[in-house]
Amino acid sequence: MTQHLAAPFSGTSDDAPGHRRGWWQDAVIYQVYPRSFADGNGDGMGDLDGVRRRLPYLAGLGVDAVWLSPFYASPQADAGYDVADYRAIDPMFGTLLDADALIRDAHALNLRIIVDLVPNHSSAEHEWFKRALREGPGSPLRERYHFRPGKGPDGELPPNDWESIFGGPAWTRTTDPDGAPGDWYLHLFAPEQPDFNWDHPAVADEFRSILRFWLDMGVDGFRVDVAHGLVKAAGLPDIGAGGQLRLLGNDVMPFFDQDGVHEVYRQWRTILDEYPGDRIAVAEAWTPTVERTANYVRPDELHQAFNFQYLGTSWQAPALREVIEVSLAAMRPVGAPATWVLSNHDVTRHATRFASPPGVGTQTRQAGDRTLGLRRARAATLLMLALPGSAYLYQGEELGLPDVTDLPDEARQDPSFFRADGQDGYRDGCRVPIPWTREGSSYGFGTGGSWLPQPAGWGAHSVEAQTGDPDSTLELYRAALTVRKEHPGLGAGTAVEWYDAPEGVLVLGRPGFRCTVNTTDTPVRIATPGRPLLASGPIAAGEADDGHTELPADTTVWWAV
Ligand code: NOJ
């Protein structure tokens with residue numbers, strides 16, 4: 001299907017006088033994890049119809065766009081990040097007509113739609129890979145992946161020392177059509193996710209075509225999965241030191257962040273620019289430094305790249321200030337917005353991360369102190385939404401959801417849980433279907449249960465329970481997004497001004513606006529900067545007439561000055 005199904009987004013024109021340079025520059029984008037957002041057909045699994053029915057909720061929340069994690073035809077070895085057909089919808093999520101209806105309805109509500117693109121690997125059930133296996137050594141289809149003979153006298157050892165990010169070797173041995181042990185193939189993730197060989201022109205051609213397919217469907221952009229992984233160093237050299245794959249850190253890996261990936265994105269940019277309506281792409285690129293991340297958003301490449309250094313920063317003023325300064329400085333020369341994010345479907349939700357002492361990392365199963373975690377999470381969100389640039393929200397964070405840290409092992413689905421020892425496999429905890437209602441089957445997620453068990457009392461976090469309660473996290477998010485729209489300066493620009501502040505406190509802002517953040521566990525007295533606009537916790541601003549305000553522990557306040 002190549003005809004233009006859905007109309008391109010027709011919201012504000014960026015060329016109109018007084019408008020921003022690109023809608024994405026300061027956009028707030030909401031990640032929907034389709035499995036866990038809303039179940040339209042009552043089979044216990046979220047789907048596109050469910051998302052479509054809840055679009056008014058997202059429009060009401062005040063976000064600019066929705067990013068949908070993969071909904072393509074897939075055996076679901078990695079929750080859809082193993083794509084068997086990039087142009088088809090998995091029946092468990094619906095049909096192409098459902099996708100079309102979703103895009104149209106979103107546009108009618110002034111919401112843009114970003115879809116996930118998974119170019120580093122396909123599913124082992126992809127037609128190319130199945131044929132490559134079937135046809136055996138010598139099949140030209142094998143050149144589109146990384147097939148190699150093994151080492152050792154009988155080829156019984158993997159071709160190099162790379163390890164899969166989900167644990168175990170990054171290679172799996174094949175069996176030849178005659179039943180003999182054969183070559184190995186590379187998979188940086190699960191064995192069901194063979195890596196494409198991006199040096200092969202057919203791979204690049206195919207993805208240009210897939211981009212056009214979805215652009216013709218009317219989508220407004222792509223989130224590029226493993227954007228840093230497509231190109232591998234020539235000769236696939238050993239890493240040494242155990243071959244352990246690390247996502248962050250200063251090590252340069254032969255399979256990540258190779259300079260060759262940028263040529264791919266330059267080509268994609270020309271395609272995106274051919275289409276009307278400001279189509280964008282956001283890179284999921286785990287790079288050693290924010291400076292390397294900035295390479296992905298040079299003017300002729302992608303538009304945004306998630307700032308994972310920020311996501312991994314603990315709730316401590318000096319660390320936060322440093323990562324903000326370094327990030328803004330890195331993005332400024334390339335003219336791209338900083339792209340802030342606190343939670344997604346791969347990490348422990350920030351309400352749970354911040355519930356434990358610093359250093360627990362982005363994948364923890366410690367429940368910690370929930371009250372503390374929520375208080376900090378609310379404060380952290382107001383800080384993020386006060387920074388220049390774009391921000392991504394992960395479904396359920398607006399409800400203050402914690403991770404479900406006590407899922408029984410038999411309920412777990414994350415492939416990394418089933419791979420070698422030492423793997424975390426904790427991603428299921430942030431993927432539990434979200435609660436819409438106080439009571440009822442799966443708390444309003446659907447009528448047929450939920451694919452991961454929801455904890456008792458989940459309904460207390462529901463949209464229904466929080467709507468209209470001025471102290472709720474949902475109403476805080478709604479208010480924050482309203483204020484952000486009323487004061488477009490909040491997300492604009494590329495710099496913040498820092499003001500003197502007591503230890504553990506940040507005071508930052510721009511002309512007319514201040515954001516004060518107390519990251520400590522005790523109240524701190526600060527000079528009242530102006531008129532309070534919004535606070536993540538109760539404050540008594542302006543009541544003392546000595547020009548000071550007591551900023552409670554772990555609290556952020558926005559001020560008009
Ligand atoms: C990043 C995705 O966010 C994650 O969920 C997935 O497992 C890997 N890429 C592999 O596609």
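Would you check which residues across the range 134-147 are in a helix (DSSP H, G or I) and buried (at least 21 other Cβ atoms within 10 Å of the Cβ) and list them?
Here is the first cut: in the range 134-147, the residues in a helix (DSSP H, G or I) are 134-135, 140-144.
Hits for the range 134-147 are ARG142, ARG144.
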Identify the single condition in (1) of a type outside the set (S, T, N, Q); (2) within 16 Å of the ligand (Cβ to nearest atom); (3) under 30 Å from THR172 (Cα atoms); (4) not in a helix (DSSP H, G or I) that PHE129 does not satisfy, given that it satisfies every other one. (4)
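Please note which helices (runs of 4 or more DSSP H) are completely contained in the range 300-357 and include at least 2 residues that are within 16 Å of the ligand (Cβ to nearest atom) and within 18 Å of the chain's Cα centre (by Cα). Write out each step before concluding.
Details: elements: 308-311, 317-331, 350-353.
Per the criteria, 308-311.
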Can you name the number of the only condition in (1) at pLDDT below 95; (2) more than 16 Å from the ligand (Cβ to nearest atom); (3) out of contact with any Asp or Glu (no Cβ under 6 Å at 6 or more places or on another chain); (4) of a type outside the set (D, E, K, R) that LEU407 fails? (3)
Taking the condition of a type outside the set (Asp, Glu), open to solvent by 10 Å² or more (accessible area, probe 1.4 Å), modelled with pLDDT under 95 and more than 30 Å from ILE103 (Cβ to Cβ), does GLY150 pass? no
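For the range 471-493: of the residues being part of a loop (DSSP other than H, G, I, E, B) and within 19 Å of ALA351 (Cα to Cα), which is most open to solvent (accessible area, probe 1.4 Å)? Can you show your working first?
Initially, the range 471-493 is screened for residues part of a loop (DSSP other than H, G, I, E, B), giving 471-472, 487, 491-493.
Those still in the list that are within 19 Å of ALA351 (Cα to Cα) too: 471-472.
Working: ASP471: 117, SER472: 10 Å².
Taking the candidates together, the pick is ASP471.
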Checklist (1) at positive phi; (2) within 20 Å of the chain's Cα centre (by Cα) applied to ALA38, failing item: (1)
Can you list residue pairs whose Cβ atoms sit under 7 Å apart, with the first residue in the range 26-51 being open to solvent by 10 Å² or more (accessible area, probe 1.4 Å) and the second being among the charged types (D, E, K, R) and assigned to a helix (DSSP H, G or I)? Count only pairs 6 or more apart in sequence or on different chains. GLY40/ASP49; GLY40/ARG53; ASN41/ASP49; MET45/ARG35; ASP49/ASP98
Please identify the pairs in which a residue from the range 403-417 that is free of Cβ contacts under 8 Å to residues at least 40 places away in the same chain has its Cβ atom under 7 Å from the Cβ atom of a residue that is open to solvent by less than 20 Å² (accessible area, probe 1.4 Å) and within 15 Å of the ligand (Cβ to nearest atom), counting only partners at least 6 apart or on another chain. ARG412/GLY425; ARG412/ASP428; PHE417/GLY425
Output yes when any residue across the range 280-292 is more than 16 Å from the ligand (Cβ to nearest atom) and modelled with pLDDT of 95 or more, and no when none is. yes
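Give ALA367, ALA386, ALA391, ALA380 a once-over and let me know the one that is of a type in the set (A, V, I, L, M, F, W, C), more than 16 Å from the ligand (Cβ to nearest atom), open to solvent by 30 Å² or more (accessible area, probe 1.4 Å) and modelled with pLDDT of 90 or more. So that I can check it myself, show each step before the final result.
Working: ALA386 fails: open to solvent by 30 Å² or more (accessible area, probe 1.4 Å); ALA391 fails: open to solvent by 30 Å² or more (accessible area, probe 1.4 Å); ALA380 fails: open to solvent by 30 Å² or more (accessible area, probe 1.4 Å).
Of ALA367, ALA386, ALA391, ALA380, the one residue that is of a type in the set (A, V, I, L, M, F, W, C), more than 16 Å from the ligand (Cβ to nearest atom), open to solvent by 30 Å² or more (accessible area, probe 1.4 Å) and modelled with pLDDT of 90 or more is ALA367.
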Among ALA234, ALA227, ALA204, the single one that is in a loop (DSSP other than H, G, I, E, B), open to solvent by 10 Å² or more (accessible area, probe 1.4 Å) and at pLDDT 95 or above is ALA234
Do you know which residues across the range 153-189 are open to solvent by 70 Å² or more (accessible area, probe 1.4 Å) and not in a strand (DSSP E or B)? PRO153, ASP154, GLU156, PRO177, ASP178
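The values are calculated or read from the model by the stated rules, or taken from the named source; none is laboratory data. In this text the structure is predicted, and so the values were computed from the model without any measurement. So basically every Cβ, Gly included, is an ideal-geometry build from the backbone, and we count neighbours across all protein chains shown. Calculation scope for accessible area: heavy atoms of the full protein, side chains included, ligands and nucleic acids excluded. Shrake-Rupley method; radii C 1.70, N 1.55, O 1.52, S 1.80 Å.
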